[in-house]
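Let me begin by presenting the structure, written as structure tokens, before commenting on it.
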Amino acid sequence: MRILRSSSAFDLFDRLEQQLSQQLHSAERVPAAEVHETAEAYELVLELPGVDRDAITVQATDRSLVISAERRHPQAAAAQSAAAADVQGQAPGEAVPDAPAPAAGSRGVLLSEFRYGTWGRRFRFPQPIEREQLQAVYRDGLLTVTAPKAQTLSSITVKVEG
């Protein structure tokens with residue numbers, strides 16, 4: 001005997017909303033990008049608000065750019081720099097103290113929709129690029145990479161300026 005379960009259209013919409021919400025929260029978010037082409041070069045612009053310039057890596061191959069970065073949680077970054085400062089004054093082999101616990105009156109996070117962690121993106125171009133002449137500038141949360149067009153094949157890492 002088969003039992004038919006009746007459900008309203010509202011139940012279907014509720015389930016659909018739950019599934020979409022789960023996918024949005026679990027999906028990896030990568031920065032928005034724009035790629036422009038001129039006769040001489042490709043220009044790539046990525047939105048990277050809240051990312052430290054030293055946490056950005058730009059690597060080039062014959063026809064592609066690989067850009068990776070890490071957005072650190074402000075509390076974790078502060079604890080990491082404090083731990084590094086403590087380690088500098090210690091003798092070799094001495095234990096590193098734990099990060100201090102939050103004070104009794106400090107505020108806790110009730111909601112955070114920010115994404116922290118590392119990510120990477122690869123951009124492939126139709127023509128080879130001149131890797132030795134790449135320029136990467138990070139200002140006001142925007143990373144701009146200019147890759148002149150060329151005919152050479154090799155791989156280098158580019159220092160990000162800003």
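The values are calculated or read from the model by the stated rules, or taken from the named source; none is laboratory data. Since the model is a prediction, treat every value here as computed from it, not as a measurement. Methodologically, a virtual Cβ is constructed for each residue, glycine included, from the backbone with ideal geometry; neighbour enumeration extends over all protein chains shown.
Would you confirm whether any residue within region 136-154 is of a type in the set (A, V, I, L, M), over 14 Å from Glu37 (Cα atoms) and either touching a Cys at 6+ places or on another chain (Cβ under 6 Å) or modelled with pLDDT under 90 (or both)? Step through it out loud before you land on a result.
Here is the first cut: in region 136-154, the ones of a type in the set (A, V, I, L, M) are 136-137, 142-143, 145, 147, 150, 153.
Next, from what is left, pick out any that are over 14 Å from Glu37 (Cα atoms): 136-137, 142-143, 153.
With either touching a Cys at 6+ places or on another chain (Cβ under 6 Å) or modelled with pLDDT under 90 (or both) added as a condition, the list becomes 153.
Yes, some residue in region 136-154 is of a type in the set (A, V, I, L, M), over 14 Å from Glu37 (Cα atoms) and either touching a Cys at 6+ places or on another chain (Cβ under 6 Å) or modelled with pLDDT under 90 (or both).
For region 1-28, which residues satisfy the criterion of being at pLDDT below 70 and within 23 Å of Tyr116 (Cα to Cα)?
Passing the criteria: Gln22, Gln23, Leu24, His25, Ser26, Ala27, Glu28.
Quick one: is Glu34 at pLDDT 90 or above, outside any helix (DSSP H, G or I) and surrounded by fewer than 14 Cβ atoms within 10 Å (Cβ to Cβ)?
Considered against the rule, which asks whether it is at pLDDT 90 or above, outside any helix (DSSP H, G or I) and surrounded by fewer than 14 Cβ atoms within 10 Å (Cβ to Cβ), Glu34 comes out as yes.
Assess whether Leu65 counts as being surrounded by 10 or more Cβ atoms within 10 Å (Cβ to Cβ), within 28 Å of Gln127 (Cα to Cα), at pLDDT 60 or above and among the aliphatic types (A, V, I, L, M). Quick ask: steps written out before the conclusion?
Numbers: surrounded by 10 or more Cβ atoms within 10 Å (Cβ to Cβ): yes; within 28 Å of Gln127 (Cα to Cα): yes; at pLDDT 60 or above: yes; among the aliphatic types (A, V, I, L, M): yes.
When the stated conditions are applied, Leu65 passes them.
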